[in-house]
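Asks: Take a look at this one; I'll ask things after.
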Amino acid sequence: MSFAELDHLCRRLEALDHAQAMLGVDEAVNMPEGGGEKRADAMSVIASMAHELASAPHIADWIAKAEGEELDGAQRAAVAEFKRSYINRTCLSSEFVGRQVNARLRCEQLWRSLRAKNDWTDFLPSFENIVSLAREEAERRAEVLKLSPYDAMVEQFDPGSRSAEIGRVFADLKTFLKGFIPEALEAQARRRAKHPVKAFDGPFAIEKQKALGLELMKAVGFDFNHGRLDISHHPFCGGVPTDVRMTTRYRTDEFLSSLMGILHETGHGLYEQNLPHDLSHWPSMKARGMAAHESQSLFQEMQLSRRPEFWEFALPKAREILGLDGVTVADMLAHVHRVERGFIRVDADEATYPLHVILRFEIEQELITGKLAAKDVPELWNVKMQDYLGLSTAGNYKDGPMQDVHWPSGAFGYFPSYTLGAMMAAQQWAAVARALPDAPAQIARGDFTGINQWRKEHIWSKASMLSTPEIMRQATGEALNAKYFETHLKERYLD
């Protein structure tokens, strides 16, 4: 039975994916700098092995025969998703995959050391190599998938999304935000004139910040029997569903950037921990792309953790652990609801954040098509940054094109997922509010059981058995609609 052959193969691939994920986490969290070269070699070999195993020619016969077998609905979904992933895998040779993984790891390691030095010159040759490999990958995928090169890259992160539709949505959103942000800043100034923002007295010891983060992670439902929190250069959620590894980075002069980052990554972690476990080796039981993943992290961070009700529950814990004497919920909201034009995407508020994403979306399209040379990225970045956010990054590479890990690690086509996810999260919250009218009161009590049950039933349990648009339609009653995100921003940030 060919389905049984595919099932056995999926178990072997899951084991290799597990090994790669844990080696990647260790490389980012614990590995000494001197271990980078051999780690890159080891991971590239394992990636090549996994690719060879998953893209062998005889698998096409297994898939074709399995499609003709008597299967139940879940098995048919597994075959369909495996077929999609198989076609995407066979776009690339194992030799290319190994070469690309090695180059990505070396570039990312170089980025870690050179970003702090603002050293674009020494970073550029490695980055040019990554861009060249990304263009090669895009061309190879485009030929097989019958897509444009950039769409072929987007397909790897958010199956079914296309740059034309993304571009249309982003163009409208960019127009809205360029008008909305000045309004939000004016409304914020009026609020602050009446109620000045209260500064939080630091320093805040890292161990206390971590203690608060762990306390809130546990409260919102993270399972520490199947996960942990560490420190890395760039916050991420990695590992595997049974062993989720989250990271953050700390500053002692303030605590909110780290805490909100922890809550954001916890959203990713909850999604992974609540995917169907019994058949986790099937591709249909894995997370449904990065837009869906970002919708879960942004639901946790923006729709839940920045609500007044959340801080009614969380502030007493913050007072106890960090010593925030005299701080009120209103004081906290003044910080977590701030709107401010800034250089750093991961520190941006939810109103300005999409403009950071749109900037990258526009630039990486030109990089992949070859319209833009890698060496010219800083100049175009500066032009767009001034247009969208009124800030100059001329000569400031570490706060410009060197600020993110994504491009050094070869993740072109990933960025649109962030803002698509924000839109999805706002629409999901509207559906939760209809289904659970007392959801705000539940949050204020620190009870996330009902909300998490809704997410598990409508999002987490669906895994990749349905397309992202179909998951949204079934969960919310309609296709993705940007009006929910725009309404959310207006209600939160305008008087």
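The values are calculated or read from the model by the stated rules, or taken from the named source; none is laboratory data. In this text, all values refer to a predicted model and were calculated from it rather than measured experimentally. Cβ sites come from the backbone with ideal geometry, for glycine too, and all protein chains shown count toward neighbours.
Asks: Quick check: anything in the range 207-219 of a type in the set (S, T, N, Q) and closer than 28 Å to residue 454 by Cα? Break it down stepwise before answering.
Replies: From the range 207-219, those of a type in the set (S, T, N, Q) are 209; that's our starting set.
Next cut, closer than 28 Å to residue 454 by Cα only: none.
Scanning the range 207-219 turns up no residue that is of a type in the set (S, T, N, Q) and closer than 28 Å to residue 454 by Cα.
Asks: Go through (1) crowded, with 17+ Cβ neighbours inside 10 Å; (2) in contact (Cβ under 8 Å) with a residue 12 or more places away in the chain for residue 142 and report which single condition fails.
Replies: (2)
Asks: Condition first: under 30 Å from residue 130 (Cα atoms) and either touching a strand residue (DSSP E or B) at 6+ places or on another chain (Cβ under 8 Å) or aromatic (Phe, Trp, Tyr) (or both). Now tell me which residues in the range 411-465 satisfy that.
Replies: Let us first name the residues in the range 411-465 that are under 30 Å from residue 130 (Cα atoms), namely 411-422, 464.
Passing the criteria: 412, 414, 415, 418.
Asks: Identify all residues within the range 271-307 that are more than 16 Å from the chain's Cα centre (by Cα) and farther than 23 Å from residue 261 by Cα; write none if there are none.
Replies: 276, 277, 278, 279, 280, 281, 282, 283, 284, 285 - these are the residues of the range 271-307 that are more than 16 Å from the chain's Cα centre (by Cα) and farther than 23 Å from residue 261 by Cα.
Asks: Scan the range 70-91 and give yes if some residue there is under 29 Å from the mean Cα position of the chain (by Cα), of a type in the set (S, T, N, Q) and within 19 Å of residue 240 (Cα to Cα), otherwise no. I'd like the intermediate steps shown before the answer.
Replies: At the first step, the residues of the range 70-91 found to be under 29 Å from the mean Cα position of the chain (by Cα) are 74-91.
Applying the additional criterion that residues be of a type in the set (S, T, N, Q) yields 75, 85, 88, 90.
Applying the additional criterion that residues be within 19 Å of residue 240 (Cα to Cα) yields 85.
Yes - at least one qualifying residue is present in the range 70-91.
Asks: Continuing with this model, one more query. Limited to the range 240-257, what total is found for residues that are crowded, with 20+ Cβ neighbours inside 10 Å, under 16 Å from residue 30 (Cβ atoms) and not hydroxyl-bearing (Ser, Thr, Tyr)?
Replies: Of the residues in that region, 2 qualify.
Asks: Could you please find all residues in the range 208-239 being surrounded by 20 or more Cβ atoms within 10 Å (Cβ to Cβ) and within 20 Å of residue 14 (Cβ to Cβ)?
Replies: Listed by number, the residues that qualify are 227, 237, 238, 239.
Asks: Looking only at the range 143-161, decide whether some residue is touching a helix residue (DSSP H, G or I) at 6+ places or on another chain (Cβ under 7 Å), of a type in the set (Gly, Ala, Ser) and at pLDDT below 95.
Replies: Looking through the range 143-161, at least one residue is touching a helix residue (DSSP H, G or I) at 6+ places or on another chain (Cβ under 7 Å), of a type in the set (Gly, Ala, Ser) and at pLDDT below 95.
Asks: Let me ask something else about it. If you go through the range 325-352, how many residues are modelled with pLDDT under 95, among the small types (Gly, Ala, Ser) and surrounded by 18 or more Cβ atoms within 10 Å (Cβ to Cβ)?
Replies: Residues that pass the stated criteria total 1.
Asks: With respect to the numbered conditions (1) free of Cβ contacts under 8 Å to residues at least 40 places away in the same chain; (2) charged (D, E, K, R); (3) over 30 Å from residue 111 (Cα atoms), which one is the sole condition not fulfilled by residue 456?
Replies: It fails just one condition, (1).
Asks: On to the next question. Taking interchain pairs and intrachain pairs at least six residues apart, which have beta carbon atoms under 9 angstrom, with the first residue in the range 39-57 and of a type in the set (Lys, Arg) and the second in a helix (DSSP H, G or I)?
Replies: Partner pairs satisfying both residue conditions: 39/23; 39/26; 39/27; 39/105; 39/109.
Asks: Go through the range 451-478 and report how many residues are over 15 Å from residue 277 (Cα atoms) and among the small types (Gly, Ala, Ser). Show your work before the answer.
Replies: Restricting attention to the range 451-478, the residues satisfying the condition of being over 15 Å from residue 277 (Cα atoms) are 451-455, 458, 466-478.
Within this subset, residues satisfying the condition of being among the small types (Gly, Ala, Ser) are 467, 475, 477.
Number of matching residues: 3.
Asks: If residue 95 passes every condition in (1) surrounded by fewer than 18 Cβ atoms within 10 Å (Cβ to Cβ); (2) closer than 22 Å to residue 21 by Cβ; (3) of a type in the set (D, E, K, R) but one, which one does it miss?
Replies: With respect to (1) surrounded by fewer than 18 Cβ atoms within 10 Å (Cβ to Cβ); (2) closer than 22 Å to residue 21 by Cβ; (3) of a type in the set (D, E, K, R), residue 95 is out only on (2).
Asks: Here is a further query. May I ask you to list the residues in the range 196-206 that are loosely packed, with under 12 Cβ neighbours inside 10 Å and either part of a helix (DSSP H, G or I) or touching a residue at least 12 places away in the same chain (Cβ under 8 Å) (or both)? Show your work before the answer.
Replies: Taking the range 196-206 and keeping what is loosely packed, with under 12 Cβ neighbours inside 10 Å, we get 196, 199, 203.
Hit for the range 196-206 is 203, nothing else.
Asks: If you don't mind, there's one more thing I want to ask. Let me spell it out: the conditions are (1) of a type outside the set (Ser, Thr, Tyr); (2) under 16 Å from the mean Cα position of the chain (by Cα); (3) outside the structural domain of residue 297 (by TED's automatic domain parsing); (4) not in a loop (DSSP other than H, G, I, E, B), and residue 406 meets all of them except one. Which number is the exception?
Replies: Condition (4) is where residue 406 drops out.
Asks: Suppose we filter the range 441-472 for residues that are surrounded by fewer than 16 Cβ atoms within 10 Å (Cβ to Cβ), modelled with pLDDT of 95 or more and in a helix (DSSP H, G or I); how many remain?
Replies: 6
Asks: Looking at the range 173-184, can you tell me whether even one residue there is closer than 30 Å to residue 464 by Cβ and hydroxyl-bearing (Ser, Thr, Tyr)?
Replies: No; the residues of the range 173-184 include none that is closer than 30 Å to residue 464 by Cβ and hydroxyl-bearing (Ser, Thr, Tyr).
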